[in-house]
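Presented below is the structure to which this report refers.
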Amino acid sequence: TGDTLIVEEDASKPKPDSPVVAKRAMSHPLREAVPVLARRVVPADNSCLFTSVYYVVEGGVYDPGCAPEMRSLIAQIVASDPESYCEAVLGKTNREYCDWIRKEETWGGAIEVSILSKFYQCEICVVDTQTVRIDRFGEDAGYTKRVLLIYDGIHYDPLERRIPDTDIPPQTIFSAADDVVLAQALELADEARRKRQFTDVNHFTLRCMVCQKGLTGQAEAREHAKETGHTNFGEV
């Protein structure tokens, strides 16, 4: 009709790209949770290695009752291959070892980690807090998966990557190509070393729980076990 419609803009209403809107949007930035590698403490009950390995290879399943089954598994593997697992490797005869590893007071170590690495077809990395080094079992076997434990000279705990303040399940299985997690594990070990969160296996004090004799260091404990057959020790 030729009439002109005039619409006045409300000057008090901020434009979409105005500084007021931008400032309001920036006042509540989205905080992205950063995953951290952390120790998952398990009981010091002579079976910490088995509990820790089970926890990581099963993707974060904590089952303190798994140890007898894992001990039996190791004994079966060793008994089935007496040529590979001979006295020179085990430090005792094949049969003696199989009886020994089944005992609930027996501690696990490098031999058992190596066997479990082969069984689970994954690289098991043990981070030592005293020396700040990583022993990688199964490193050259071509496995695609990697799990991590932290070791203080006596006790093993599993390592897991978790996102703080969330209900997201922790990650315990990593790619064998993930070298970032190895660097994070070394940082954890170095922090523990600085705080002296390790056990000096040459000077720590033990007591034989069978005859109550006091012992100093791993060497004395081994000698006592060899002389008496006593294998149940407690740290004093």
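Only the coordinates and a few stated rules stand behind these numbers; no lab work does. Just so we're clear, the structure is a prediction, and the values are computed from it rather than from any experiment. Every residue, glycine among them, receives a Cβ derived from its backbone with ideal geometry; neighbour counts consider all protein chains shown.
Coupling constants for the range 76-83 follow from the phi torsions by the Karplus curve (6.51 cos²θ - 1.76 cosθ + 1.60, θ = phi - 60°), and in residue order they are 5, 5, 5, 5, 7, 9, x, 6 Hz; glycine and proline get x.
Each residue of the range 102-116 was assigned a 3J(HN,Hα) from its phi angle through the Karplus curve 6.51 cos²θ - 1.76 cosθ + 1.60 (θ = phi - 60°); the sequence is 6, 6, 5, 8, 7, 7, x, x, 4, 4, 5, 4, 4, 5, 5 Hz, with glycine and proline shown as x. Summed over all non-identical Cα pairs, the Kirkwood treatment of the range 111-198 gives a radius of 13.4 Å.
Taking other residues whose beta carbon is less than 13 angstrom from the beta carbon of Ser47, and scoring Lys, Arg as +1 and Asp, Glu as -1, yields -4.
For the range 77-108, which trypsin sites (Lys or Arg not before Pro) pass both filters: DSSP loop (anything but H, G, I, E, B) and at most 14 other C-beta atoms within 10 Å?
Lys92, Arg102, Lys103
A simple rule links phi to the HN-Hα coupling: the Karplus curve 6.51 cos²θ - 1.76 cosθ + 1.60 with θ = phi - 60°, which for the range 46-56 gives 6, 10, 4, 4, 5, 4, 5, 5, 4, 4, 6 Hz, with x for Gly and Pro. Each Lys or Arg adds one and each Asp or Glu takes one away; over the other residues whose Cβ falls under 14 Å from the Cβ of Gly65, this sums to -4. Could you pull out every residue, at least 5 positions away or on a different chain, whose amide H is within less than 5 Å of the one on Lys145? Hs are placed 1.01 Å off N in the peptide plane, and Pro or chain starts have none. Those lying under 5 Å, H to H, from Lys145 are Glu123, Ala176. Both radii come from the Cα set of the range 68-111: Rg as radius of gyration, Rh as Kirkwood radius; their ratio Rg/Rh reads 0.92. Restricting the calculation to Cα atoms, the range 36-199 shows an Rg/Rh of 0.97 when the hydrodynamic-style radius is the Kirkwood one. The slack between Thr216 and Val36, meaning 0.36 nm per residue of separation minus the straight C-alpha distance, is 61.1 nm.
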